[in-house]
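Report on the following structure.
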């Protein structure tokens, strides 16, 4: 148990460090609202699509390819999305429903989920987690683009406008552009991969600094009720339902544990970037990320302990 706690902290502590750095840089006057706007736009339109592109291009799609597990993860993700959206309709103002929904179902699997799966299950966790990552990227970004477009202040909700919003999303473009290279194993020049890697590695630090710079005690107080409600769905209710469903489906041991880690991951930093890009309540998105990242240290370890106690993993 202590080892798992240490592993979780090792993954989440750097995230908090970058968040607090953003708070400090804003307080010291080294960054301002204009920087946050420009940096968030750069992440959304440049560095994050590059990161997603390279992640898919470099993935070995044939390694640990388990159609049943991938299908379950996709169906469970869709179910969690619909549950979160339905609860958002009941629990929060219309303008915040897209942010609430995205915060409740979109996990930070590329950082937290994959790192924990690898640290606990080694090469198997890495290979299965990487293949799951492809499903994560496609499903999370598509569903987020839909719900944010519907509730965006300037959004049109007819089918053509929604389709255009999804297909013009830079994150979706990055994913779709990578699929032919990964599927047909088209090689890219080494210098291009290296340069792209340098550019892509800015994504998480920049996004987290922007989140930290956005956080204020006033914004946390204003959004606390809605943020806590979305966070509880993310770190408790939805992982509980999705993991129970995985057990009923027949998954056990490492497969069940890795699914749990992916469902229980805190809200992804990309949710803040997307919320800001569509003119949504990015302060609420930032608050959800902070709360879920803190809460996941406890919920992840309790969940693994209960799965071990039940003899499921």
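The values are calculated or read from the model by the stated rules, or taken from the named source; none is laboratory data. All figures in this text were calculated on a predicted structure; none of them were measured in a lab. No Cβ is skipped: glycine too gets one built from the backbone with ideal geometry, and neighbour counts run over all protein chains shown.
Which residues, counting only those in region 260-278, are closer than 17 Å to residue 299 by Cβ and assigned to a helix (DSSP H, G or I)?
The answer is 260, 261, 262, 263.
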Requested in this report: Return the residue satisfying two criteria in turn: it lies in region 107-156 and is closer than 22 Å to residue 205 by Cα and without any contact (Cβ under 8 Å) to a residue 24 or more places away in the chain, and of such residues it is farthest from the chain's Cα centre (by Cα).
Outcome: 118
Query raised in the report: If residue 255 passes every condition in (1) over 19 Å from the mean Cα position of the chain (by Cα); (2) within 26 Å of residue 97 (Cα to Cα); (3) touching a residue at least 40 places away in the same chain (Cβ under 8 Å) but one, which one does it miss?
Result: (2)
Requested in this report: Evaluate the following for residue 93: is it farther than 19 Å from residue 235 by Cα, modelled with pLDDT of 90 or more and touching a helix residue (DSSP H, G or I) at 6+ places or on another chain (Cβ under 9 Å)?
Outcome: yes
Report task. For residues that are modelled with pLDDT of 90 or more and exposed (fewer than 14 other Cβ atoms within 10 Å of the Cβ), scanning just region 65-74, find the one that is nearest to residue 250 (Cα to Cα). Result -> 68
Query raised in the report: Can you name the helices (runs of 4 or more DSSP H) wholly within region 166-259 that have at least 3 residues being more than 18 Å from residue 134 (Cβ to Cβ)?
Result: 190-200, 203-214, 217-232, 238-249
